[in-house]
Amino acid sequence: MNLHDALQYLPARFTTSAQLPWIASATPGKSAKPLRFLAGDRGFVELLRMEPGVAMPLHRHSGEIHAYNLSGQRQLCTGEVIGPGDYVYEPPGNTDWWKIVGDETMIALVVVMGTVDFLGPGGVVRATASAATQREEYERYCRDHGLPMLDLDD
């Protein structure tokens, strides 16, 4: 028996992103296209789209974040400008904010592990994004727009 015959190939799960809607957030100029909701509320994967001048408000991550910029630029609160082809890792517990700079819409592939708490004055949690909340938004959007729901669960 050769190695090829001994391997067990599991079926890949893929989604054609063109089939998925951009779902607007409460922040004007910010939307997301869900790609995967991780089981056990472990996190989610999305394409994030933000228009020039829009800011991602102050927020704290319970888990790590991986973000790969596909287009546009964003400036982190620490001053670095992230452009197409740049990758950002944020460790668990990181608190930050950033804004879209330049004239081009920013699109990034984002892997969010855990939750994201959006913070108000005094560090009070105003809202939380998790796999469960993102899935609820996707379900609501599909229902409200008469779209079929794709299986995006891990």
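Here the accessible area is traced with a 1.4 Å probe on the protein chains. For the range 50-154, carbon and sulfur cover 55 percent of it. For the chain, the solvent-accessible area with a 1.4 angstrom probe is 57 square angstrom per residue.
Modelled this way, with points 7 Å down the Cα-to-C-beta line, the labels at residue 89 and residue 124 are 3.6 nm from one another.
Once the C-beta distance of residue 96 and residue 17 is scaled by a Förster radius of 25 Å, the resulting FRET efficiency is 0.45 to the nearest 0.05. Here the 3J(HN,Hα) profile of the range 15-29, calculated from phi with Karplus coefficients 6.51, -1.76 and 1.60 at θ = phi - 60°, is 9, 7, 4, 4, 7, 9, x, 7, 9, 5, 9, 5, 8, x, x Hz, Gly and Pro shown as x. The P(r) of the chain has a tail past 29 Å containing 21 percent of all C-alpha pairs.
Measuring only protein heavy atoms, the 1.4 Å probe finds residue 144 accessible over about 110 Å².
Going from most exposed to least, what order do 95, 133 have by accessible area with a 1.4 Å probe?
Largest to smallest exposure gives the sequence 95, 133.
In terms of its Cα atoms, the range 89-154 spans 39, 32, 24 Å along the principal axes, sorted from long to short.
In the range 15-151, Cα pairs under 8 Å separated by at least six residues give a relative contact order of 26 percent. Length gained on full extension, residue 64 to residue 147: 26.7 nm, using 0.36 nm per residue less the C-alpha separation. The base-10 log of I(q)/I(0) for the range 4-93, evaluated at q = 0.14, 0.16, 0.22 Å⁻¹, reads -0.65, -0.83, -1.41 [Debye formula, identical scatterers on Cα atoms, solvent excluded]. Taking all protein chains together and rolling a 1.4 Å probe, residue 145 ends up with roughly 110 Å² accessible.
Dividing the C-alpha radius of gyration of the range 47-109 by 2.2 N^0.38 Å, with N its residue count, gives 1.02.
How far is helix 131-145 tilted off the main Cα axis of the chain, in degrees rounded to 10, range 0 to 90? Taking the Cα atoms of the chain, the angle to 131-145 is about 90 degrees.
Shown are 86, 151, 117, whose ranking by accessible area with a 1.4 Å probe and every protein chain present, most to least, is 151, 86, 117. When the surface is traced with a 1.4 Å probe over the full set of protein chains, residue 23 keeps roughly 20 Å² accessible. Whole angstrom only: what separates the Cα centroid of the range 1-65 from the Cα centroid of the range 96-128? So the separation of the two Cα centres works out to 15 Å.
The values are calculated or read from the model by the stated rules, or taken from the named source; none is laboratory data. Values in this document were obtained by computation on a predicted structure and should not be read as measured data. All Cβ positions, even for glycine, are placed from backbone atoms using ideal geometry, and neighbour counts span all protein chains on display. Protein only, heavy atoms only, side chains kept; ligands, DNA and RNA dropped before computing areas. Shrake-Rupley method; radii C 1.70, N 1.55, O 1.52, S 1.80 Å.
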